[in-house]
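Asks: Sending over a structure as structure tokens; questions will come in a sec.
Derivation of every value follows stated rules applied to the coordinates shown; laboratory data play no part. It should be emphasised that the depicted structure is a prediction, and the values quoted were computed from it without experimental measurement.
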Amino acid sequence: MTDLGDERYVSLGTFRKSGVEVRTPVWIAQSATGEVLYVYTNRTSGKVKRIRNGARVRLAPCTASGHVTGDWTEAEARMLDTPNERELGLEAIIRKYGLQMRLALLASRFSGRYADRAVIEIRVGA
């Protein structure tokens, strides 16, 4: 597996139907088995819509502001639609980001967006 799961932030490049790439800095965590990567997001975000339209994504290490600091890697992504799948992804992200992620989840509860949480599964070299 790639070292991308060890990065603090990764730029996630998703593609519009027109082929134009949209890059977003995201938190990323590796599964316990090391087979896949997980990204936490809001189910109403543009990246979710773009991934549902096409599985191709690109990943590169980046800063919190999105400045790319390494090479791009091609991958395939899918939305985790079942509660059990989402929980596995969330557990991996909580394991990595700890208190930061717990606070983000708490904030989403207070803002009423907790039900909108989503997890993207990414396979590098798929």
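Asks: Please list, or write none, the lysines whose alpha carbon is within less than 18 Å of the alpha carbon of K17, excluding same-chain residues fewer than 8 places away.
Replies: Candidates past the 8-residue exclusion: K47, K49.
Asks: Evaluated at 37 °C with a viscosity of 0.692 mPa s, what Stokes-Einstein diffusion coefficient in µm²/s does region 56-105 have when Rh comes from the Kirkwood expression over alpha-carbon pairs?
Replies: In µm²/s, the coefficient rounds to 253.
Asks: Taking H placed 1.01 Å from N in the peptide plane, check which residues at least 5 places from V36 or on another chain put their amide H under 5 Å from its amide H.
Replies: Amide H neighbours of V36: S31.
Asks: Could I ask something else about it? Where the Cα atoms of the chain are projected onto their three principal axes, how long is each span, largest first, in whole Å?
Replies: 36, 29, 28
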